[in-house]
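Below is one structure, written out as structure tokens; comments come after it.
The values are calculated or read from the model by the stated rules, or taken from the named source; none is laboratory data. No experiment lies behind these values; they were computed from the predicted model shown. Positions of Cβ are backbone-derived with ideal geometry, glycine not excepted, and every protein chain shown enters the neighbour counts. For accessibility, only protein heavy atoms count, side chains too; no ligands or nucleic acids. Shrake-Rupley method; radii C 1.70, N 1.55, O 1.52, S 1.80 Å.
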Amino acid sequence: MRKPKLRGLLFGAFLLLLLGFSGAFLGIAVETFTKFYYVETIHNLEIKAGLVTREVAPLLAQKNHPGLEDFCRALAKTAGARITLILPTGQVLADSEDDPALMENHADRPEVMGALAGSVSTAERFSYTLHQNMLYLALPHSLPLPSATTVVIRLAIPTTTMSRSLHHLYWRFGILTVLILMFGAAYGLWMAQKISRPLEDMRRQAARFAQGELDQKIAPVGLEEINSLAESLNLMAAQWHERIQAHVRKQQEQTAILTSMEEGVIAVDRAGQILEINQAARKFLNLDNPGVRGRVLAEVVRNSQLQAILTRTLSGSTTVSGELIIPGEPERFLQVQASVLRDAQGQDQGAVLVLNDLTHLRRLENLRREFVANVSHELKTPITAIQGFVETLQEGALKNPVDAKHFLQIIEQQSRRLNTIIEDLLSLSRIEQEAEKASLALTVALLQPVLGSALALCQPAAAAKKITLELACPGTLQLPMNDRLLEQAVVNYLNNAIAYSGARTTVRLEGEMIGSEIAIRVADQGPGIAAEHLPRLFERFYRVDKSRSREAGGSGLGLAIVKHIVQAHGGRVGVESVVGSGSVFSLYLPANR
Ligand code: ADP
């Protein structure tokens, strides 16, 4: 059912009161005025009757009855009332309206009876003579001696005259009441609206408060009580607004902290449902869907190690740590530290898990292990060879000078190789260290002299194989560089090109500007490299053909050194090759810092 509105109630009550008061006022006014008018009319009639008595008294005393008739008629006109003179017997002596001879005996008329009893009497009734309602007033008049009879002098006026005047008055009262009602109703409506409108506004604003628009305010209105209610509501809203803002700020801070943390953080309740999970944790656990809050962690991440850690923590252990392997490409290694989550009262609420990504560390460890194994292997080959030939010499080969010379040459060659490997390893670690510390000093210098000097260094080796070396580089090209290292990189490229190419071929060294980079290329006409080797070519100790590399005296580190030098210059390496036609090794360096 629809609830009544305040405005309707107020207006209704006011209207009801107004109607009651107006009705009562109208009733009392009508009654008072009717009574007053009646009394006044009777009083008037009495005065007129007194005057008539004074006029007719001489005629009555002279017993001039025929004269009375005309006299009554004339007087009645002046008095505006019917005049009747009646004898104590009830016989009508004279009447201003009718012939007394034709009129019936009036002894039974109440007013006549009253007058004969000695007092002024009134009566209201229908007159059969005049055929209308009349108001009668009769008074006794005693004739002087000797007759000493009492004549009743009666005056009558039609009640219609009185009621006409009263009706007129009633109409005025009616109109006045209607006007009062109309003005009163209009005032009531205005007043009801004045009270209900601010309340309605306040209700609307309170609804807005409920929807969270707490920064709005209720405007003050003219009524004191409503104003103070509005002020209280505004104050309450402002306090809530401040509290909510503080809460939001705190939450934003927390979110910012959690989001910017490199560690993954997961909070779960006692049932294992996720309360909070940050971006890092989602990334570590491969949870792309951000809507995992509220779900059970064990269902979202199916990992028995994680489950075991969580179960132990939730069953009361204070801190549990362990490691997880999250399968995927690449496989991820996580270290988990789980603690009991307690509220302000120290009650257990669940657990907090902090995840640290160990993948990179593990990969480095693996790389280190692999590297140590590779280095050991690389060193072992020449050392084994040297040991073998030294033993052979000790066992008697020394006595054969030809063999001894040959073996010593091999020992020298292998120790040279050993030296090359060690030198290359040392320069690799030096470049790495310099690049890591960002201490590599780069100065802007011309490129052509560097390329020329690299070419000159490789000239003897090229000449031994009758390989032609060509250089093409504009003399104006310059770039920020460490000339010693850049020269070494180009020498490594050139050495490879010479080592792996056949005799009487050409190796071309070029330098050119491409966009904002300077490209340095070494193109040979060698055997070329199959496409499947190209992605791994620049790894340490990676060789396409191991025996050929060893034959060429390579350490397997030449291209790795080039890559590190180029990276230290902020550049990149590239290789294109066609098996049977040759290879082009490139390095691209930024022309400006
Ligand atoms: P290495 O000391 O063995 O030459 P590098 O790191 O310099 O080691 O080169 C790695 C491998 O790349 C070499 O073993 C060789 O198989 C291949 N390679 C390098 N440069 C060339 C080239 N110009 N032509 C063909 N193969 C090459």
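Ligands, DNA and RNA left out, the 1.4 Å accessible surface of the range 7-166 is 64% carbon and sulfur atoms. In this structure, the amide hydrogen of Leu557, modeled 1.01 Å from its nitrogen in the peptide plane, lies closer than 5 angstrom to those of Phe541, counting only residues at least 5 positions away or on a different chain.
Surface exposure of the chain, expressed per residue as accessible area with a 1.4 Å probe, stands at 58 Å². Projected onto their three principal axes, the Cα atoms of the range 124-179 cover extents of 65, 23, 11 Å, largest first. Look at the alpha carbon pairs under 8 Å that are at least 6 residues apart: their mean separation over the length of the range 363-434 gives a relative contact order of 35 percent.
The string of couplings for the range 262-268 from the Karplus curve (6.51, -1.76, 1.60, θ = phi - 60°) is 6, 6, x, 10, 10, 10, 10 Hz, one whole number per residue in order, with x for Gly and Pro. Annotation for the range 115-184 versus the range 521-549: alpha-carbon center distance of 145 Å.
For the chain, a crude dipole built from +1 on the beta carbon of Lys and Arg and -1 on the beta carbon of Asp and Glu, taken about the Cα centre, is about 760 debye to the nearest 20. Computed over every Cα-Cα pair of the range 468-510 and binned at 10 Å starting from 0, the pair-distance distribution P(r) comes out as 23, 49, 24, 4 percent. Full extension of the segment from Glu104 to Arg430, taken as 0.36 nm per residue of separation minus the current Cα-Cα distance, would add 101.4 nm. Could you tell me what percent of the DSSP beta bridges with both partners in the chain are antiparallel, to the nearest 5? Just about 95 percent of them are antiparallel.
Gyration tensor analysis over the Cα atoms of the range 261-357 returns equivalent ellipsoid semi-axes of 21, 14, 12 Å (largest first, whole Å). Helical runs assigned H by DSSP (4 residues or longer) give the chain a calculated mean residue ellipticity at 222 nm of -18500 deg cm²/dmol, each run adding -39500 (n - 2.57) before division by the residue total.
3J(HN,Hα) along the range 348-356: 5, 10, x, 8, 10, 10, 10, 10, 10 Hz, from the Karplus curve 6.51 cos²θ - 1.76 cosθ + 1.60 with θ = phi - 60°, whole Hz, x for Gly and Pro.
The value of relative contact order for the range 83-167, using C-alpha pairs under 8 Å at least six residues apart, is 27 percent.
For the range 293-335, the spread of Cα positions along the three principal axes, ordered from largest to smallest, is 35, 24, 15 Å. Positive-end ranking of Leu447, Val320, Ile383 along the dipole of the chain, with charges on Cβ about the Cα centre, is headed by Ile383. Apply the Debye scattering formula to the range 1-144, with a single equal point scatterer on each alpha-carbon and no solvent, then give log10 I(q)/I(0) at q = 0.12, 0.15, 0.21 Å⁻¹. Calculated log10 I(q)/I(0) at the listed q: -0.58, -0.80, -1.36.
Between Gln216, His168, Leu16, the Cα set farthest toward the positive side of the dipole of the chain (charges on each charged residue's Cβ, about the Cα centre) is that of Gln216.
Electrostatic tally near Phe538: other residues with Cβ closer than 11 Å to its Cβ, Lys and Arg +1, Asp and Glu -1, net +3. The distance separating the Cα centre of the range 390-438 from that of the range 1-73 comes to 149 Å.
Using a cutoff of 8 angstrom between alpha carbon atoms and counting only pairs six or more residues apart, the relative contact order for the chain works out to 7 percent. Seen from Phe71, the other residues with C-beta closer than 13 Å to its C-beta sum to a net charge of -1, counting Lys and Arg as +1 and Asp and Glu as -1. Based on alpha carbons, the Rg and Dmax found for the range 363-434 are 16.4, 53 Å. Kirkwood radius for the range 513-593, taken over all pairs of different Cα atoms as the inverse mean of 1/r, rounds to 13.5 Å.
Between helix 447-464 and the chain there is an angle of about 40 degrees, using the helix long axis and the longest principal axis of the Cα atoms.
Across the range 539-552, coupling constants 3J(HN,Hα) worked out from phi with the 6.51/-1.76/1.60 Karplus curve, θ = phi - 60°, read 6, 5, 6, 7, 10, 6, 10, 4, 5, 5, 5, 5, 4, 7 Hz, and Gly and Pro carry x. Given axes a ≥ b ≥ c from the Cα gyration tensor, I'd like to know whether the range 416-492 is rounded (a/c under 1.5), prolate (a/b larger than b/c) or oblate. Judged from the Cα gyration tensor, the range 416-492 comes out oblate (a/c at least 1.5, b/c at or above a/b). Compared with the alpha-carbon gap, the fully stretched path from Asn133 to Val375 is longer by 72.4 nm at 0.36 nm per residue. Working note: Cα gyration tensor of the chain, eigenvalues times five, square-rooted, sorted largest first, giving semi-axes of 143, 30, 17 Å. Give me the net charge of Leu425's neighbourhood, meaning all other residues with Cβ under 13 Å from the Cβ of Leu425; Lys, Arg count +1, Asp, Glu -1. Combined, the nearby Lys, Arg, Asp and Glu give -1. Taking the C-alpha atoms only, the angle from helix 159-210 to the longest principal axis of the chain is near 10 degrees. Taking the C-alpha atoms only, the angle from helix 359-394 to the longest principal axis of the chain is near 0 degrees.
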